[in-house]
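A short write-up of the structure that comes next.
Here, each number is a calculation from the coordinates, and none is a lab measurement. Nothing here was measured: the structure is a model prediction, and the numbers come from that model. Cβ sites come from the backbone with ideal geometry, for glycine too, and all protein chains shown count toward neighbours.
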2 protein chains.
Amino acid sequence: MAEQDWRERLRSRGYRLTPQREMVLRAVDELGHATPDEVLGKVREQSSAINISTVYRTLEVLEELGLVRHAHLSDRAPTYHSISDHEHFHLVCRNCQKVVSVDPDVLKPLTDRLEADGFVADVGHLTVFGHCTTCPPTEESS
Amino acid sequence: MAEQDWRERLRSRGYRLTPQREMVLRAVDELGHATPDEVLGKVREQSSAINISTVYRTLEVLEELGLVRHAHLSDRAPTYHSISDHEHFHLVCRNCQKVVSVDPDVLKPLTDRLEADGFVADVGHLTVFGHCTTCPPTEESS
DNA sequence: TTAGTTGCAAATATTTTGCAACCGC
DNA sequence: GCGGTTGCAAAATATTTGCAACTAA
């Protein structure tokens, strides 16, 4: 997404352009996939201080504007990622914890089928848990 | 799953058969999909008291034994369901909140493709968010 | 008897909220 | 200056853990 774009998108909806929002968006971009807490850490590491509640509120705004998205890559906290990447869904290996981003095309057969049955899938939010065949399955992955 | 089966499965792994475990398993069966807190409520409603931490610990054991599974049907708490049902995955509509259980066959094209790429999906844990075409999309669902 | 379980309270972890001070436009 | 934002602390939620008492086998 172009530099200009997100500034404009904030303004056009009556939101203000603040340094905190700029920092959070940059942090999400740089981190790839990050929890609110990790975003907080990244922002503090790079620049000035920012409060955790501001991070939560900012991520909410940015998601509403379609600038970031979140997915659940663990059974714990959600992770946010930038939309400047192409839309994608995630695979998470319960053995090696590796996260792989996959092109939505792979989902086409599924989404087509679901749509025929009256359901439009939110591909960007989807996370498929499982395990890599190169990872020996453990008790945990059962 | 047969009555006998789960008792045996507990014992064979060195676990004890306690009234709490029996009550939790029954509650999950009867509730369909339920959060730990809802399971607590159901157990208390039907029989005697039980502690919330026991519910958490019991669900963990039951899941390890393959007697229940959990999925994330909201951005909040996980929901547990019995395995006496056939394996299935879930669709969740962000508009009407309706949860639909879907046969794994529908996922075949996807899982085959992923397996070809070296990833075995955990179908039972999968939840697809989106919206019913019969639900008018709202801001929330964007 | 004895090792696994439970209840309870306290500790963690995560997210939300009220509100006064602050600042982008 | 006005109204949206932020920081801070406290509240609300959700989950985990230590440990003594309890109990299934």
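Here are the numbers for the structure shown:
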| quantity | calculated |
| --- | --- |
| Check on A:S101, more than 19 Å from A:Q20 (Cβ to Cβ), free of Cβ contacts under 8 Å to residues at least 24 places away in the same chain and out of contact with any Gly (no Cβ under 8 Å at 6 or more places or on another chain) | yes |
| Criterion violated by B:S82 - all others in (1) under 24 Å from A:H72 (Cα atoms); (2) in contact with a Ser or Thr (Cβ under 8 Å, 6 or more places away or on another chain) satisfied | (2) |
| Residue in the range B:57-80 that is over 18 Å from the mean Cα position of the chain (by Cα) and within 14 Å of chain A (Cβ to nearest Cβ) present | no |
| Hey, B:V92 under 14 Å from the mean Cα position of the chain (by Cα) and either away from chain A (no Cβ under 12 Å) or in a helix (DSSP H, G or I) (or both) or not | no |
| Hey, A:D105 more than 9 Å from chain B (Cβ to nearest Cβ) and surrounded by fewer than 20 Cβ atoms within 10 Å (Cβ to Cβ) or not | yes |
| Subset of the range A:1-38 (residues that are in a helix (DSSP H, G or I), more than 12 Å from DNA strand D (Cβ to nearest atom) and either under 24 Å from A:R76 (Cα atoms) or among the aromatic types (F, W, Y) (or both)) | A:W6, A:R26, A:A27, A:V28, A:D29, A:E30, A:L31, A:P36, A:D37, A:E38 |
| Looking only at the range B:112-138, and only at residues there that are touching a helix residue (DSSP H, G or I) at 6+ places or on another chain (Cβ under 7 Å) and in a helix (DSSP H, G or I), the one that is surrounded by the most Cβ atoms within 10 Å (Cβ to Cβ) | B:V123 |
| Total residues in the range B:115-136, condition at the interface with chain A (Cβ under 7 Å from one of its Cβ atoms) and touching a strand residue (DSSP E or B) at 6+ places or on another chain (Cβ under 7 Å) | 13 |
| Any hit, the range B:25-47, residues being within 12 Å of DNA strand C (Cβ to nearest atom) and among the small types (G, A, S) | yes |
